[in-house]
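As structure tokens, the structure follows; a few thoughts come after it.
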Amino acid sequence: MRLHRSVSLSLALLLWSGPALAADKHQHSAAPAPQSLRHPSKGTPQPIGSYANGCVRGADALPADGQGFQVMNLSRHRNYGHPLLLAYLKALAGEVEREGLGILSVGDMSMPRGGRMPTGHASHQMGLDADIWFALDLGRLPVAEREREDFATMVDTKAQRVNTNFGPAQARLVRLAAAAPHVTRIFVNPAIKLALCEGETGDKSWLRKVRPWFGHAAHLHVRLDCPPDAKQCETQEPPPEGDGCGEELLSWFKPPPPSTGSAPPPKPPPPPPAACLALYAEKD
Ligand SMILES: [Zn+2]
């Protein structure tokens, strides 16, 4: 998921850094911020914590280029993940290529040891989340030309429906992305979920994993389940039963209730798990 940069978010992060350090002052006061780390930690790959507050031990980097895929915005160092995520993305890219859909452009995954990113995402913290751009026709770009976010949106926000950029290739991409059993959720804009629901004339059960969420108009966000051996990984409840094409989806298109004055300030994120602070403190 991506959040729009906002003053309130920056404020929340500012607020958060204080208590987080204070809480672990005795044990890990020297733990560096995860975004300052350039290398994964050693050891058996292990997601730790939760999607929105965690880290990852023993992550690998997805190479800048591979069969059927390219990694975007390499300067951000967000192309790290649990080996299962890398294997998943490579397999998906292979299928996309075999079906002649284009080239898979992979966006943010996690930082080398995971953790909370200073900008852009609330999740992506345990090496199990990845963004994939809907644009499949970019061709293989020189690395310098991948430093961009101006990819085609698939949604006409005023009409709250997909636009003409969203075609059969994009629908097929989501379908292929959802097919792996260890994918737990795929986040897309509500207008995209609606288009998928309307376009599926057969079995809609695969749409259960496809979850409507804010943004996600130019990319889909894939989330893998905790691996079975990951004892420190907090699993998320499975999505609600059913294909999610009914009432729940339609609720996204209703006008918001009238504002009742100023919104409360956002809650500061919780401090990172102690195991993550210890991981950040290991030699970079
Ligand atoms: Zn995302």
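The values are calculated or read from the model by the stated rules, or taken from the named source; none is laboratory data. Values in this document were obtained by computation on a predicted structure and should not be read as measured data. Cβ sites come from the backbone with ideal geometry, for glycine too, and all protein chains shown count toward neighbours. The protein model used for the area step is the full one, side chains on, heavy atoms only, and it has no ligands, DNA or RNA in it. Shrake-Rupley method; radii C 1.70, N 1.55, O 1.52, S 1.80 Å.
Among DSSP beta bridges lying fully in the chain, give the percent that are antiparallel, nearest 5.
Approximately 75 percent, going by the DSSP bridge assignments.
If each DSSP helix of 4+ residues adds -39,500 (n - 2.57) and the sum is divided by the residues in the chain, what number results at 222 nm, nearest 500 deg cm²/dmol?
So the helix-based figure for the chain works out to -7500 deg cm²/dmol.
Mind checking the per residue accessible area of the chain for me, 1.4 Å probe, whole number of Å²?
Each residue of the chain exposes 48 Å² on average to a 1.4 Å probe.
Share of antiparallel DSSP beta bridges in segment 56-144, in percent to the nearest 5?
65
Below 8 Å, C-alpha to C-alpha, sequence gap of six or more: please give me the relative contact order for the chain in percent.
25
Two decimals, Cα atoms only, Kirkwood Rh: what is Rg/Rh over the chain?
Rg/Rh: 0.97.
Provide Rg over Rh for segment 65-207; use the alpha carbon set for both Rg and the Kirkwood Rh (inverse mean inverse pair distance).
Ratio value, two decimals: 0.95.
Roughly what angle does helix 168-179 make with the longest principal axis of the chain, taking Cα atoms, 0 to 90 degrees, to the nearest 10?
So the inclination is approximately 50 degrees.
Please report the relative contact order for segment 40-108, taking Cα pairs under 8 Å with a sequence separation of at least 6, and give it as a percent rounded to a whole number.
30
Can you tell me the orientation of helix 190-199 relative to the chain, as the angle in degrees between its alpha-carbon axis and the longest Cα principal axis, to the nearest 10?
Approximately 40 degrees, to the nearest 10.
Quick one: which residues, 5+ away or cross-chain, put their amide H under 5 Å from the amide H of HIS219? H built at 1.01 Å from N.
Those lying under 5 Å, H to H, from HIS219 are PHE134.
How would LYS193, LYS90, LYS42 rank on accessible area, largest to smallest, probe 1.4 Å?
LYS42, LYS90, LYS193
Checking the table LYS158/LYS193; LYS204/LYS231; LYS42/LYS231; LYS90/LYS204 against a 24 Å threshold on Cα-Cα, which pairs fail?
LYS204/LYS231; LYS90/LYS204
Give me the distance between the Cα centres of segment 185-209 and segment 37-85, rounded to whole Å.
28
Residue by residue through segment 149-158, which ³J(HN,Hα) values in whole Hz follow from phi under the Karplus form 6.51 cos²θ - 1.76 cosθ + 1.60 (θ = phi - 60°), with glycine and proline marked x?
3J(HN,Hα) across segment 149-158, in whole Hz: 10, 8, 6, 4, 7, 9, 10, 8, 5, 5.
For the chain, take the longest principal axis of its alpha carbons; what is the angle in degrees between that and the long axis of helix 7-23, to the nearest 10 within 0 to 90?
In the chain, helix 7-23 runs at an angle near 40 degrees to the longest axis.
Please report the projected area of segment 65-147's Cα convex hull averaged over all directions, in nm².
Its average projected convex-hull area is 5.1 nm².
Report the net charge of residues surrounding GLN70, where surrounding means a beta-carbon distance below 13 angstrom and charges are Lys +1, Arg +1, Asp -1, Glu -1.
-1
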